[in-house]
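Here the structure comes first, spelled out in structure tokens, and everything after it is commentary.
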Amino acid sequence: MIEFRSVSKVFPDGTHAVDDFSLVIPARKTTVLVGSSGSGKTTLLRMINRMVEPSSGEIEIDGESILSRDPVQLRRSIGYVMQNSGLLPHFKVIDNVATVPILTGVPRKTARAQALELLDTVGLNRDLANRYPSQLSGGQQQRVGVARGLAANPNILLMDEPFGAVDPIVRADLQQETIRLQRDLDKTVVFVTHDIDEAFLLGDQVVILEKGAKIAQVGSPTEIVENPASDFVADFIGIKHGKRALTIKKTAHGSILVDSEGRAAGVLAGEAP
Amino acid sequence: MLFWDAILWIFSPDRLTGSSPLPLLIGQHLAYTLVSVAIAAVIAIPVGYLIGHTGRGREIAVGISGAARALPSFGLMLLLVLLIGVTQKPLAATIAFVILAIPSILAGAYAGLEQIDRRVIDAARAVGMTEWQILWKVEVPLGLPLLIGGLRSAALQVVATVTIAGYIGLGALGLPIIAGLELRDFTRMLGAALLIVVLALAIDGVFAVIQHLVVPRGVTAGRVADLRPTSSRRRAVMGTPIEEGRG
């Protein structure tokens with residue numbers, strides 16, 4: 001469990017990125033922070049592994065303040081996956097994956113053997129182990145990034161718009177993979193995105209953020225769609241006049257659902273014709 | 001023909017005898033060059049890495065480098081001889097050459113670190129590397145080609161400038177040039193000048209090879225490799241940050 005208590009962050013240039021933010025992130029679930037740019041979502045994420053230090057307030061992991069932990073040790077105990085994959089260009093794929101275990105003193109041979117298994121876990125062919133990141137596609141690099149995030153077997157995995165830079169088909173693939181991994185590995189995942197569809201797809205708990213990391217609503221996707229807390233939320237998730245504002249249209253062959261533009265979004269399943 | 005005479009002068013058996021045999025002068029020339037560049041490297045690389053890693057102090061370094069480049073080496077050497085004393089001429093000359101070599105190496109060191117994608121360094125820190133590990137495992141290897149470029153231009157500047165050591169009686173390949181000037185012996189002057197050119201080209205060649213070899217594997221693989229067929233010049237230009245800070 002990760003808990004934010006009245007956390008604020010003012011950057012040296014005077015930007016109030018986060019203003020009095022409190023949230024409980026449950027263990028072994030996926031929590032998605034979603035908001036447009038400038039909502040402070042990445043700042044929030046980077047505070048968890050002390051890449052950004054809060055100006056005030058407290059952050060606890062399992063009841064222990066992260067300020068009592070050495071930042072380097074803390075970061076090694078938390079998986080981190082970022083948008084551009086952040087792989088080291090001069091390390092082979094296998095050594096990128098094995099980076100953290102080797103830093104923590106696991107013998108190189110053991111670390112590499114584990115890294116090979118992790119390539120299986122994230123659905124990469126072991127033949128790629130000896131390639132360099134620049135020889136991989138964007139989607140493959142992202143998978144290597146996920147494998148590296150998992151390598152130290154952390155309880156917490158932070159994902160900062162990890163699929164933002166890959167094409168939609170690969171993204172859909174990676175999203176399904178993430179759901180599978182979370183189910184199999186049972187990690188506490190904190191995921192940052194600006195894409196509400198991605199948030200609803202992946203999140204057990206979705207946190208919708210306004211400017212300054214002000215929480216517009218927290219809840220499961222169902223709760224949010226059923227009962228949006230404000231016009232801002234309704235707008236953001238598109239149930240006022242977006243693609244989630246569906247109406248039933250009777251046709252000769254049964255009922256279909258259309259969005260606010262009148263485009264078919266699906267059929268009403270289970271209805272007797 | 002003067003050119004031919006100069007070559008004959010170089011290969012004449014007389015050059016191996018006398019008070020200043022040519023191999024000795026070449027050795028002195030190389031020794032001054034290597035020692036000066038080595039000392040400059042020991043000073044400039046740590047400072048350059050400190051600037052490149054922390055991102056602080058760049059303006060000061062650029063300013064001091066620019067000022068150091070503007071110093072005329074010949075005047076500096078004579079001034080140092082006067083200041084330190086005529087018994088310490090080799091020291092004075094070496095200091096002048098070290099000061100000449102520092103700006104290029106300093107620029108190579110910090111530019112090498114600065115050109116690394118910030119996201120790569122951010123990622124290294126985020127997965128739990130200490131600052132030392134970031135420096136040694138990420139910044140040094142990725143910055144090495146530019147550092148070698150800095151050493152390369154420093155060595156070239158010094159190998160050309162060591163010639164002036166002859167003026168204060170320290171030998172090296174400046175000696176035949178100075179002596180030839182007094183005697184109006186142009187053959188001797190041209191012969192020594194040709195040797196300096198050969199030394200400079202040889203040093204440049206060695207550094208070019210090293211610079212090529214130290215480009216990390218993953219950086220040459222994939223996309224960057226596409227630049228290679230056209231890039232031996234471009235790489236040299238990229239790897240020679242001596243113009244940094246002049247603009």
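Bear in mind that the values in this text are calculations on the coordinates, not laboratory data. Everything numeric in this text was worked out from a predicted model, so none of it was measured. For neighbour counting, all protein chains shown are included, and Cβ atoms are generated from backbone atoms with ideal geometry for every residue, glycine included.
For chain B, the longest principal axis of the alpha carbon atoms and the long axis of helix B:89-114 meet at an angle near 30°.
In chain A, the longest principal axis of the Cα atoms and the axis of helix A:168-185 are about 70 degrees apart.
For the protein assembly as shown, just say rounded, prolate or oblate: build the C-alpha gyration tensor, square-root its eigenvalues into a ≥ b ≥ c, call rounded for a/c under 1.5, and beyond that prolate if a/b exceeds b/c, oblate if not. Prolate, because a/c is 1.5 or more and a/b exceeds b/c.
Any idea what angle helix A:108-121 forms with the longest principal axis of chain A, computed on alpha-carbon atoms, 0 to 90 degrees, nearest 10? Helix A:108-121 and the main axis of chain A meet at about 10 degrees. Taking A:Glu261, A:Glu58, A:Glu210 as the candidate residues, the one with maximal mean-square fluctuation in a Gaussian network model of chain A, Cα springs under 10 Å, is A:Glu261.
Evaluate Rg over Rh across region A:1-55, taking Cα atoms for both radii and Kirkwood's formula for Rh.
0.96
Estimated at 0.36 nm per residue, the fully extended path between A:Lys109 and A:Ala265 surpasses their Cα-Cα distance by 51.0 nm. With a Förster radius of 45 Å applied to the beta-carbon distance between A:Asn153 and B:Thr87, the computed FRET efficiency rounds to 0.10.
For region A:251-266, the Karplus equation 6.51 cos²θ - 1.76 cosθ + 1.60, evaluated at θ = phi - 60°, returns couplings of 10, 4, 9, x, 8, 10, 9, 10, 8, 5, 8, x, 7, 5, 10, x Hz by residue, with Gly and Pro reported as x.
Apply the a/c threshold of 1.5 to the C-alpha gyration tensor of chain A and tell me whether it is rounded, prolate or oblate.
Details: a/c = 2.27, a/b = 1.33, b/c = 1.71.
Taking the square roots of the gyration eigenvalues as a ≥ b ≥ c, chain A is oblate.
Shown in residue order for region B:19-33 are the 3J(HN,Hα) couplings computed by the Karplus curve 6.51 cos²θ - 1.76 cosθ + 1.60 at θ = phi - 60°: 6, 10, x, 4, x, 5, 5, 4, x, 4, 4, 5, 4, 4, 5 Hz (x for Gly and Pro). Relative to the Cα centre, the charge distribution of the protein assembly as shown, modelled as +1 at Lys and Arg Cβ and -1 at Asp and Glu Cβ, gives a dipole magnitude of about 1200 debye. Counts of other chain beta carbons within 10 angstrom of each beta carbon in peptide B:124-136 average 6.
Once you have a ≥ b ≥ c as the square roots of the Cα gyration tensor eigenvalues for region A:129-179, tell me rounded if a/c is under 1.5, and otherwise prolate or oblate according to whether a/b is larger than b/c.
Numbers: a/c = 2.05, a/b = 1.10, b/c = 1.87.
Note, shape of region A:129-179 comes out oblate.
With Cα atoms defining each centre, region A:108-158 and region A:9-38 are spaced 28 Å apart in the structure. Checking the Cα-Cα distances for A:Lys187/A:Lys211; A:Lys29/A:Lys214; A:Lys211/A:Lys250; A:Lys41/B:Lys137 against a 32 Å cut-off, the pairs over it are A:Lys211/A:Lys250.
Distances between placed amide hydrogens fall under 5 Å for A:Ser8 paired with A:Asp20, A:Phe21, A:Ser55, A:Ser56, A:Gly57, all partners being 5 or more residues away or on another chain.
Measuring how big region A:133-216 is from its alpha-carbon positions, Rg and Dmax come out at 13.3, 42 Å.
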